[in-house]
1. Using 13 Å as the cut-off for backbone N distance, which residues of segment 299-322 belong to the label zone defined by a point 7 Å from the Cα of Arg8 along Cα→Cβ?
2. Can you tell me the FRET efficiency between Ala276 and Val321 if r is taken as the Cβ-Cβ distance and R0 is 22 Å, rounded to the nearest 0.05?
3. For Trp79 and Lys397 in one chain, what is 0.36 nm times their gap in residues minus the Cα-Cα distance, to one decimal in nm?
4. Please grab the % of Cα pairs in the chain that end up more than 28 Å from each other.
5. Say the dipole of segment 1-207 comes from +1 at the beta carbon of Lys and Arg and -1 at that of Asp and Glu; which of Leu204, Thr179, Leu130 then lies farthest toward its positive end?
6. If r is the Cβ-Cβ distance from Ala114 to Ala171 and R0 is 41 Å, what FRET efficiency results, to the nearest 0.05?
7. Roughly what would the spin-label model give for Leu414 and Ala101, points 7 Å off Cα along C-beta, in nm?
8. Dividing the convex hull volume of the alpha carbon atoms of segment 1-207 by its residue count, what do you get in Å³ per residue?
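Coordinate-derived values only; no laboratory data. None of the values given here were measured: they were computed from a predicted structure. A quick note on method: Cβ atoms are made from the backbone with ideal geometry, for glycine too, and the neighbour counts reach across all protein chains shown.
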Amino acid sequence: MSFVADLRIVLQGRDFRRLFGTRLVSQFSDGIFQFGVAGFAFFSPEKQTTALAVAAGLAVLLLPYSVLGPFVGVFIDRWSRRQILVIAPLVRGGLLLAAAALVAAGAPEPVFYAAALGVLAVNRFFLAALGASLPHVVPVERLMAANAVTPTSGTVVTFVGAGVGFVLREALGGGAFGTAVLLLVSGVVFGLSALIARTMERSLLGPSYAPDRPQASQAVRNVVAGLVDGARHLARHRRAAATMGAMAAHRFLYGMATALGIILYRYYFTDGDPDAALRGISVVVATSGVGYFLAVLITPWATERFTMERWVPMALAAAGVLTAPVIMPFQEWGLPVAGFVLGIAGQSVKICADTAVQRDVEDAYLGRAFSIYDMLFNGMYVLAAALSAAILPADGKSYLTAAIISAGYPVAALAYRLIVRPPVPTPSP
């Protein structure tokens, strides 16, 4: 019930409601867009999906977040954030209209993926501006509550948007026309977020004027050096570094499970029927979303009862033990169960990683720490898809991949415990 109570508290602020509405509309659009791209990349009737194509598609969806992540703060701290929230949806809407036209016209795939990369690059600025704007619309004493409800609500709405995308695809078909309509709808919906953002006063969201702030070009050059310095600082805080490492391990193994599931549904479970495959993987996404939400309710109670240092390895170990018997038979019923288990475990670890970094890392290093976090979160997922492309057979039935996933989680749990365990005191002579 803490989620509901926190939401009720922060919604009392008018400016927060406007920023929150901007986020919800945009992330609903994200769900439709991501479903459209995934459907086009992995489940088009006229295309043969391979593990390599899965890796390429996931790279398109996630690499902009990893590559651009450390640099967007330089501009978010110099440009009007309210203007970013107004202009970015219009730019993204235009790119989505262009992408829809390219799909409808049967343009080559690289051209479509270039347009999709542009959409995601703009979205990276938009999301960063949302995060940086939050402290300007809630009092300091309510900031923790606002941070607790906004990511969860955004994730839930993204899943809802993906569900709407699924319904539209079922009605319109999975060909070029259906994909183009999904992209068009996503662009129009995202444009609506600009109308909400425009109701806020231009200077409300900052940034505040700072005459000693370095020029943008100098700040960009300082980013790489800052990331190295941030990594060194993290290495001196074992608990934060270990929890971030546990999150990275989960993302790698979850990325392998994603690639495995897509190929299994595409060829092994459905004999190559893309529509049946998409329906099957949509069930997995839905059960994973339920797991994400339950983790939000379970993790605060679990960390209070067991401590974070015990709950993280418990979640990781349980993920490995429970996924082995449901994946290994390679039956269609097993993957939704695995999605549910990995959803709970993964989101539990992520919540703990967020908390550990915020709690243990000094404020002066917090931005750099979260930039490294962001790069790991998305980069490990893409790396896992690349490895899967090398080892998955054409039909996806790979005992080796299932074994890596099942064994990897307990290994990550053990590594985490060894790192966070306090050193044994040396007896005095």
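1. none
2. On the way: r = 30 Å, r/R0 = 1.38.
Taking R0 as 22 Å, the efficiency between Ala276 and Val321 is 0.15.
3. Numbers: separation 318, 0.36 × 318 = 114.48 nm, distance 4.96 nm.
That works out to 109.5 nm of additional length.
4. Taking all Cα-Cα pairs of the chain, the fraction more than 28 Å apart is 51 percent.
5. Leu204
6. Working: r = 28 Å, r/R0 = 0.69.
It comes to 0.90.
7. Output for this residue pair reads 5.8 nm.
8. Values: hull volume 24.8 nm³, N = 207.
About 120 Å³ per residue, rounded to a whole number.
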